[in-house]
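Colleague: First the structure, which I've put down as structure tokens, then a few questions once you've had a look.
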Amino acid sequence: MNPESNEERHPFLKGLSKHRGAPPTVVVIFGASGDLTARKLVPAIFNLGIDNLLPGEFHLIGYGRKPIEDEAFREMMDAAIEEFSRRPLNKEIWERVRQNISYHAGGYDEAAAFESLAEKINRIEQDLGRDMQRMFYVSTPPSVFEPIIKNIGSSGMAQAHVHTKLASKVIIEKPFGRDLESARELNQAINGVFEEPQVYRIDHYLGKETVQDLLVQRFGNSIFEPLWNREYIDCVQITVAESLGVGSRGGYYDTSGALRDMIQNHTMQLVALTAMEPPVSLDPESIRDEKVKVIKAIQPLNLKAEGGDVVRGRYTKGLVKGEPVEGYMEAEGIPATSTTETYAAMRLAINNWRWQGVPFYIRSGKRMARRASEIAIQFKRPPGILFSEGDKFNVAANTMVISIQPDEGVTIVMNSKIPGLETRTQPVKMHFRYSTTFGSNTPEAYERLILDAMVGDSTLFIRGDETEASWKLVTPVLKHWEECGAHGLQEYAAGSWGPLESERLLWERKHQWRRSG
Ligand SMILES: NC(=O)c1ccc[n+]([C@@H]2O[C@H](COP(=O)([O-])OP(=O)(O)OC[C@H]3O[C@@H](n4cnc5c(N)ncnc54)[C@H](OP(=O)(O)O)[C@@H]3O)[C@@H](O)[C@H]2O)c1
């Protein structure tokens with residue numbers, strides 16, 4: 001094993017990963033001149049190269065509408081690594097990958113360009129004298145997802161090789177649809193060309209270490225799982241908060257909003273991993289079966305203004321980290337008629353044996369007090385028999401907080417005696433920090449995801465029925481908000497923790513939001 005490989009540095013990954021080595025592979029990135037390719041995809045490929053995790057025969061073809069010379073494209077990728085890679089550009093290692101990088105210009109709906117792409121791949125295979133698996137990474141805006149898939153199909157590139165049976169794969173970026181109907185349409189278009197096991201729908205949150213660690217925390221320890229149910233857990237709070245506003249991407253964001261951008265995908269994935277039953281094995285389908293089951297067990301949301309389960313908000317000007325910032329409506333590209341939410345919160349009821357009666361509160365917003373993604377499991381309070389007299393005893397509910405970003409780790413809040421001759425109590429925190437225990441140079445989410453797709457492990461990708469189950473839950477909310485227009489859209493000051501109305505979701509069940517941090 002390479003001394004710097006992931007498993008060597010993180011032995012606990014062994015159980016979850018199946019890094020058997022990928023077959024000879026040609027990766028085609030559609031939208032290769034874009035931001036994601038430069039910031040994440042190519043730096044991830046470079047770091048896989050450093051870790052000796054790329055197949056011996058590896059080719060990368062960038063695809064896009066603008067004509068770019070091969071060498072100019074390689075130079076763009078060099079610059080991307082220099083700017084965005086977590087490890088500095090190692091020219092010797094990179095050169096081995098770099099020499100097999102090329103660029104193919106063509107439209108996304110231009111059948112002839114896909115046919116010439118297929119010929120190019122055939123030539124690479126002939127020169128090598130062997131078949132290669134073809135991996136198509138669709139990294140364009142969603143408006144061209146469908147023509148790309150269709151053209152991969154009609155040019156014959158989705159078919160498996162006859163003799164070696166090496167299959168093609170497609171990786172699709174988010175957003176996967178705008179609602180249930182469009183997600184179903186996209187699934188149909190994809191499944192008209194690829195079999196489901198060939199499809200890898202990205203949710204990069206699943207590539208994050210702490211998110212994967214959730215399965216290890218739950219099912220690799222015997223102390224948590226016996227308590228992980230309605231008998232001991234009072235509520236679960238999931239927060240995905242950003243301190244940034246929409247910046248220069250206001251025009252795009254305004255067509256999306258917090259529910260589509262964060263809740264339907266990332267936050268629902270965190271709910272599924274927190275609430276799912278133990279899978280029968282670590283096989284991808286077993287894990288994804290359990291995730292789908294629990295998403296389906298979430299009750300339809302009550303959309304009434306009074307006592308309802310959903311709250312939406314939009315930030316106004318305020319102070320973030322002491323600096324004045326503008327409101328959403330003042331940001332570049334936001335139409336004066338906008339009713340897009342920059343904050344959404346929900347109270348979910350999971351109607352199954354394990355969770356009946358335990359509310360799951362989820363929230364996500366922009367321009368919140370600080371950047372924090374976390375899952376907080378709040379346990380029931382101990383009976384107030386011994387430590388309840390007067391204000392001497394500050395007995396808090398035990399809480400387990402799994403921090404996903406920025407400080408990845410796990411914190412347990414428990415009650416302890418304050419040293420002294422009197423018996424007084426105070427909640428204290430027990431911390432585990434990833435960076436302290438394992439060092440801070442952990443692989444980026446995209447490294448793990450690209451490698452998994454190459455070796456055929458779909459555990460950390462979203463299955464078609466999973467994305468539809470999640471859209472089924474949130475689409476009625478989107479429709480309801482559309483009908484209501486600005487009515488019911490709450491305001492919150494930038495730099496706060498969201499609209500006051502979101503506190504109501506919890507007060508009604510005698511809970512309150514945890515103050516993150
Ligand atoms: N950037 C991120 O950090 C990030 C994070 C998570 C997910 N994503 C998702 O990843 C995908 C790619 O993101 P990105 O930021 O790289 O996108 P991008 O820079 O806006 O676009 C990628 C490439 O697609 C082509 N393109 C742009 N607009 C197009 C249009 N209207 N019609 C046809 N082609 C168009 C352009 O290439 P040519 O002009 O050369 O054809 C462009 O360089 C998107 O689905 C995005 O939602 C991005």
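The values are calculated or read from the model by the stated rules, or taken from the named source; none is laboratory data. Just so we're clear, the structure is a prediction, and the values are computed from it rather than from any experiment. Every residue, glycine as well, gets a Cβ built from its backbone with ideal geometry; the counts of neighbours run over all protein chains shown.
Colleague: Quick one: is Tyr232 out of contact with any strand residue (DSSP E or B) (no Cβ under 6 Å at 6 or more places or on another chain) and either more than 25 Å from Asp452 (Cβ to Cβ) or aliphatic (A, V, I, L, M) (or both)?
Modeller: Working: out of contact with any strand residue (DSSP E or B) (no Cβ under 6 Å at 6 or more places or on another chain): no; either more than 25 Å from Asp452 (Cβ to Cβ) or aliphatic (A, V, I, L, M) (or both): yes.
No: the conditions fail for Tyr232.
Colleague: Quick one: Pro278 ticks every box in (1) in a loop (DSSP other than H, G, I, E, B); (2) more than 23 Å from Cys235 (Cβ to Cβ) except a single one, so which number is it?
Modeller: That leaves (2) as the condition not met.
Colleague: Out of all the residues in segment 95-103, is one or more in the same structural domain as Lys40 (by TED's automatic domain parsing), within 15 Å of the ligand (Cβ to nearest atom) and within 20 Å of Glu444 (Cβ to Cβ)? Outline the logic, then answer.
Modeller: Taking segment 95-103 and keeping what is in the same structural domain as Lys40 (by TED's automatic domain parsing), we get 95-103.
Narrowing further to those that are within 15 Å of the ligand (Cβ to nearest atom): 102-103.
After this cut, where a residue has to be within 20 Å of Glu444 (Cβ to Cβ) as well, the list is none.
No, segment 95-103 contains no residue that is in the same structural domain as Lys40 (by TED's automatic domain parsing), within 15 Å of the ligand (Cβ to nearest atom) and within 20 Å of Glu444 (Cβ to Cβ).
Colleague: Something else about it: Which of the following residues is assigned to a loop (DSSP other than H, G, I, E, B), closer than 24 Å to Glu447 by Cα and in contact (Cβ under 8 Å) with a residue 60 or more places away in the chain: Lys174, Lys169? Don't jump to the end; show me each part of the working.
Modeller: Details: Lys169 fails: assigned to a loop (DSSP other than H, G, I, E, B).
Of the residues listed, the single one that is assigned to a loop (DSSP other than H, G, I, E, B), closer than 24 Å to Glu447 by Cα and in contact (Cβ under 8 Å) with a residue 60 or more places away in the chain is Lys174.
Colleague: If you don't mind, another one. Looking at segment 431-445, can you tell me whether even one residue there is within 30 Å of Thr25 (Cα to Cα) and of a type in the set (Asp, Glu)?
Modeller: Yes, segment 431-445 contains at least one residue that is within 30 Å of Thr25 (Cα to Cα) and of a type in the set (Asp, Glu).
Colleague: While we're on this one: Determine, yes or no, whether Leu473 is hydrophobic (A, V, I, L, M, F, W, C) and touching a Leu at 6+ places or on another chain (Cβ under 6 Å).
Modeller: Values: hydrophobic (A, V, I, L, M, F, W, C): yes; touching a Leu at 6+ places or on another chain (Cβ under 6 Å): no.
The answer is no for Leu473.
Colleague: So, one more: Quick check, is Ala72 at pLDDT 95 or above and under 26 Å from the mean Cα position of the chain (by Cα)? First the steps, then the outcome.
Modeller: Details: at pLDDT 95 or above: yes; under 26 Å from the mean Cα position of the chain (by Cα): no.
No.
Colleague: Looking at (1) crowded, with 18+ Cβ neighbours inside 10 Å; (2) touching an Asp or Glu at 6+ places or on another chain (Cβ under 9 Å); (3) over 25 Å from Ile295 (Cα atoms), can you tell me which one Leu460 breaks?
Modeller: If we test Leu460 against (1) crowded, with 18+ Cβ neighbours inside 10 Å; (2) touching an Asp or Glu at 6+ places or on another chain (Cβ under 9 Å); (3) over 25 Å from Ile295 (Cα atoms), just (3) comes out false.
Colleague: Separate question: So Asn221 clears everything in (1) farther than 29 Å from Ala453 by Cα; (2) assigned to a loop (DSSP other than H, G, I, E, B) except one condition, right? Which one?
Modeller: The failed condition is (1).
Colleague: What do you reckon, is Ile233 of a type in the set (Val, Ile, Thr) and either more than 17 Å from the chain's Cα centre (by Cα) or farther than 22 Å from Pro175 by Cα (or both)?
Modeller: Numbers: of a type in the set (Val, Ile, Thr): yes; either more than 17 Å from the chain's Cα centre (by Cα) or farther than 22 Å from Pro175 by Cα (or both): yes.
The answer is yes for Ile233.
Colleague: Taking the condition outside the structural domain of Phe393 (by TED's automatic domain parsing), out of contact with any strand residue (DSSP E or B) (no Cβ under 7 Å at 6 or more places or on another chain) and either touching a residue at least 12 places away in the same chain (Cβ under 8 Å) or among the acidic types (Asp, Glu) (or both), does Leu478 pass?
Modeller: Details: outside the structural domain of Phe393 (by TED's automatic domain parsing): no; out of contact with any strand residue (DSSP E or B) (no Cβ under 7 Å at 6 or more places or on another chain): yes; either touching a residue at least 12 places away in the same chain (Cβ under 8 Å) or among the acidic types (Asp, Glu) (or both): yes.
No.
Colleague: May I ask you to list the residues in segment 11-68 that are among the small types (Gly, Ala, Ser), at pLDDT below 95 and at positive phi?
Modeller: Answer for segment 11-68, where residues must be among the small types (Gly, Ala, Ser), at pLDDT below 95 and at positive phi: just Gly21.
Colleague: Given the criterion more than 16 Å from the ligand (Cβ to nearest atom), part of a helix (DSSP H, G or I) and closer than 22 Å to Ser470 by Cβ, identify the matching residue among Leu206, Leu214, Leu186. Step through it out loud before you land on a result.
Modeller: Values: Leu206 fails: more than 16 Å from the ligand (Cβ to nearest atom); Leu186 fails: more than 16 Å from the ligand (Cβ to nearest atom).
After applying the criteria, what remains is Leu214.
Colleague: Give segment 57-78 a look and list any residue that's surrounded by fewer than 20 Cβ atoms within 10 Å (Cβ to Cβ), in contact with a helix residue (DSSP H, G or I) (Cβ under 8 Å, 6 or more places away or on another chain) and hydrophobic (A, V, I, L, M, F, W, C), or say none.
Modeller: Answer for segment 57-78, where residues must be surrounded by fewer than 20 Cβ atoms within 10 Å (Cβ to Cβ), in contact with a helix residue (DSSP H, G or I) (Cβ under 8 Å, 6 or more places away or on another chain) and hydrophobic (A, V, I, L, M, F, W, C): Ile68, Met76.
Colleague: Another question, then. Hey, does segment 278-289 have a residue that's crowded, with 20+ Cβ neighbours inside 10 Å and touching a Phe, Trp or Tyr at 6+ places or on another chain (Cβ under 7 Å)?
Modeller: To start, the set of residues in segment 278-289 that are crowded, with 20+ Cβ neighbours inside 10 Å comprises 287-288.
Checking which are touching a Phe, Trp or Tyr at 6+ places or on another chain (Cβ under 7 Å) leaves us with none.
No, segment 278-289 contains no residue that is crowded, with 20+ Cβ neighbours inside 10 Å and touching a Phe, Trp or Tyr at 6+ places or on another chain (Cβ under 7 Å).
Colleague: Looking at Asp131, Asp109, which one is in the same structural domain as Pro43 (by TED's automatic domain parsing), within 29 Å of Arg201 (Cβ to Cβ) and at pLDDT below 95? Give the derivation first.
Modeller: On the way: Asp109 fails: at pLDDT below 95.
Answer to the check: Asp131.
Colleague: Moving on. Any residue at all in segment 106-117 that is out of contact with any Asp or Glu (no Cβ under 7 Å at 6 or more places or on another chain), away from the ligand (no atom under 16 Å from the Cβ) and assigned to a strand (DSSP E or B)?
Modeller: No, that holds for no residue.
Colleague: When the residues of segment 49-72 are narrowed to those that are more than 16 Å from the ligand (Cβ to nearest atom) and in a helix (DSSP H, G or I), which ends up nearest to Asn122 (Cα to Cα)? Don't jump to the end; show me each part of the working.
Modeller: Residues of segment 49-72 that are more than 16 Å from the ligand (Cβ to nearest atom), as a first pass: 49-59, 71.
Of the ones still in play, those that are also in a helix (DSSP H, G or I) are 49-50, 71.
On the way: Gly49: 24, Ile50: 28, Glu71: 21 Å.
Ranking the qualifying residues of segment 49-72, first place goes to Glu71.
Colleague: With the checklist (1) closer than 20 Å to Lys40 by Cα; (2) surrounded by fewer than 13 Cβ atoms within 10 Å (Cβ to Cβ); (3) not β-branched (Val, Ile, Thr) in hand, flag the one item Gly129 doesn't pass.
Modeller: Going through (1) closer than 20 Å to Lys40 by Cα; (2) surrounded by fewer than 13 Cβ atoms within 10 Å (Cβ to Cβ); (3) not β-branched (Val, Ile, Thr) one by one, Gly129 breaks only (1).
Residue by residue, here is whether (1) part of a strand (DSSP E or B); (2) farther than 21 Å from Ala272 by Cβ holds:
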site	(1), (2)
Arg370	no, yes
Pro382	no, yes
Ile404	yes, no
Asp407	no, yes
Leu421	no, yes
His431	yes, yes
Ala453	no, no
Ser458	no, no
Asp465	no, no
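Colleague: Can you tell me which condition Ser435 does not meet? The list is (1) at pLDDT 90 or above; (2) under 30 Å from Ile45 (Cα atoms); (3) out of contact with any Lys or Arg (no Cβ under 7 Å at 6 or more places or on another chain), and all the others hold.
Modeller: Answer for Ser435: the failing condition is (1).
Colleague: Collect the residues in segment 399-439 that are touching a strand residue (DSSP E or B) at 6+ places or on another chain (Cβ under 7 Å) and among the hydroxyl-bearing types (Ser, Thr, Tyr), keeping them in residue-number order.
Modeller: Filtering segment 399-439 for residues touching a strand residue (DSSP E or B) at 6+ places or on another chain (Cβ under 7 Å) gives 399-405, 407, 409-418, 423-434.
Listed by number, the residues that qualify are Thr399, Ser403, Thr411, Ser416, Thr423, Thr425, Tyr434.
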